[in-house]
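Trainee: Have a look at this one before I ask anything.
The values are calculated or read from the model by the stated rules, or taken from the named source; none is laboratory data. Note that the structure is a prediction, hence the values are computed from the model and not measured. Virtual Cβ from ideal backbone geometry, glycine too; neighbours counted across all protein chains shown. With ligands, DNA and RNA removed, areas are computed over all heavy atoms of the protein, side chains included. Shrake-Rupley method; radii C 1.70, N 1.55, O 1.52, S 1.80 Å.
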Amino acid sequence: MKHLRTLLISAMMMCATSSALAQCSYKNTAFGSGEFLTYNMYYNWKFVWVKAGTASMYTVKSNYHGQPAYRGSLTTRGNNRLDDFFVLRDTLLCYNSLDLEPLYFRKGAREGNRYTVDEVFYSYAGGNTNIRQHRIRHTGEQLWKKRSYSDCVYDMMSIFLRARSFNPKGWAKGYMVKFPIVDGDDRTPAQLRYMGVQKVKADNGHTYRCLKLAYMEQEDGKFKRIVDFYVTDDNNHIPVRLDMFLKFGSAKAFLVGMKGIRNPITSIIK
């Protein structure tokens, strides 16, 4: 009887965990392992746009603590020309399950003379979304927090991977997808707002029909625009252009190259 009770309890815990994972899962239709995207970055310096550096996005199948997962990374590198005025060195890393449940997130950011690190560790025991948040401030001070939620939460990388598989058919301009976003310290209401279709010329010489999505976070009771994404209007939803609104100004990134694309690119205009 004791062994039967143990088996039943174990089964119930597994069901609860599976239920939580199922609630936070999403079918990936946009990318596959080995996708590699490169970008030129430009920074607005005294009303003039100057070449600021490069950025790259890489997604590959990997594993996280023995679990099959996608590993996604975004790396930005400023050039020496701009370092005397503004240093930009960001590295974002995430692990998501193959069904796009968030598992881990890290952001290391050097902006100006400040360097900070944010980490989020996800687990789904007990039917909840459980997170451990870790922040290293520019002073070296370390903060740890534990939180548990009955709903799903995301970091900026995991929500981006998920959003690429959204089906925008039937969306009207202004349509919003709302979700909570977490970093190394906080949980914040956030949203993706559909801004319509636009033609965008990339730095690879091609012009694409793109969907414009504004990523916004709530600050002081109002939603503040963080990044505008222009993604291809096809099943890949490749970011062709990013407009980033930084603490120290604004930057843009334009697509230069792409490898390992999952679906046919049907959004090229010329």
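Trainee: Say the dipole of the chain comes from +1 at the beta carbon of Lys and Arg and -1 at that of Asp and Glu; which of Met157, Gly127, Asn167 then lies farthest toward its positive end?
Mentor: Positive-most Cα among the choices belongs to Asn167.
Trainee: Evaluate the charge dipole of the range 48-187 about its Cα centre and quote only its size in Debye, nearest 20, assuming +1 on the Cβ of each Lys and Arg and -1 on the Cβ of each Asp and Glu.
Mentor: So the dipole magnitude of the range 48-187 works out to roughly 240 debye.
Trainee: Given +1 on the Cβ of Lys and Arg, -1 on the Cβ of Asp and Glu, and no further charges, what dipole in debye does the chain carry about its Cα centre, rounded to the nearest 20?
Mentor: 320 debye
Trainee: Sort out for me the Cα centre separation of the range 103-147 from the range 194-270, rounded to whole Å.
Mentor: 26 Å
Trainee: Just the number: Rg to Rh for the range 103-189, Cα atoms, Kirkwood Rh, two decimals.
Mentor: For the range 103-189, the value is 1.05.
Trainee: Then there is this: Relative contact order for the chain: what is it in percent, counting Cα pairs under 8 Å that are at least 6 residues apart?
Mentor: With pairs under 8 Å counted, the relative contact order is 17 percent.
Trainee: May I pose another question? What figure, in Å² to the nearest 10, do you get for the accessible area of Glu217 with a 1.4 Å probe and non-protein molecules left out?
Mentor: 40 Å²
Trainee: Round to the nearest 10 and report in Å² the accessible area of Lys252, as given by a 1.4 Å probe over the protein chains' heavy atoms.
Mentor: Per-residue accessible area (Lys252): approximately 40 Å².
Trainee: Any idea how far apart Val256 and Lys224 come out in nm if each label point goes 7 Å out from Cα toward Cβ?
Mentor: Using points 7 Å along Cα→Cβ, the separation is 3.0 nm.
Trainee: Between the DSSP loop rule and a limit of at most 16 other Cβ atoms within 10 Å, which chymotrypsin sites (Phe, Trp or Tyr not before Pro) in the range 194-259 are left?
Mentor: Those that pass, being in a loop and sparsely packed, are Phe248.
Trainee: Which of Gln23, Leu242, Phe105 sits closest to the plus end of the dipole of the chain, meaning its Cα is farthest towards the positive end, when Lys and Arg get +1 and Asp and Glu get -1 on the C-beta?
Mentor: Checking the options against the dipole of the chain, the answer is Leu242.
Trainee: While we're looking at this one, here's another question. Could you check how much of the accessible area of the chain is carbon and sulfur, as a whole percent, using a 1.4 Å probe? Spell out each step's value before the answer.
Mentor: Values: 7540 of 14040 Å².
For the chain, the apolar C and S fraction of the accessible surface comes to 54 percent.
Trainee: Between Trp171 and Asn130, how high is the FRET efficiency from 1/(1 + (r/R0)^6) when r is the Cβ-Cβ distance and R₀ = 35 Å? Nearest 0.05.
Mentor: The calculated FRET efficiency here is 0.60.
Trainee: May I pose another question? Can you give me the solvent accessible area of Arg77 with a 1.4 Å probe, rounded to the nearest 10 Å²?
Mentor: For Arg77, solvent-accessible area is about 100 Å².
Trainee: Continuing with this model, one more query. For the chain, take the alpha-carbon Rg, divide it by the Kirkwood Rh, and send me Rg/Rh.
Mentor: 1.00
Trainee: Here are some pairs, Lys146/Lys252; Lys201/Lys224; Lys224/Lys270; Lys61/Lys173; Lys27/Lys146; Lys145/Lys169; which of them have Cα atoms lying more than 32 Å apart in this structure?
Mentor: Lys146/Lys252; Lys224/Lys270; Lys61/Lys173; Lys145/Lys169
Trainee: Suppose R0 equals 25 Å; then what is the FRET efficiency for Gln191 and Ser123 from their Cβ-Cβ distance, rounded to the nearest 0.05? Don't jump to the answer; show the numbers that get you there.
Mentor: Details: r = 26 Å, r/R0 = 1.03.
With R0 = 25 Å, the Cβ-Cβ based efficiency is 0.45.
Trainee: Still on this structure, please answer the following. Calculate the dipole size of the range 195-270 relative to its Cα centre from +1 charges on Lys and Arg beta carbons and -1 charges on Asp and Glu beta carbons; express the result in debye to the nearest 20.
Mentor: 240 debye
Trainee: For the chain, what is the accessible area per residue in Å², given a 1.4 Å probe and the full set of protein chains?
Mentor: Result: 52 Å² per residue.
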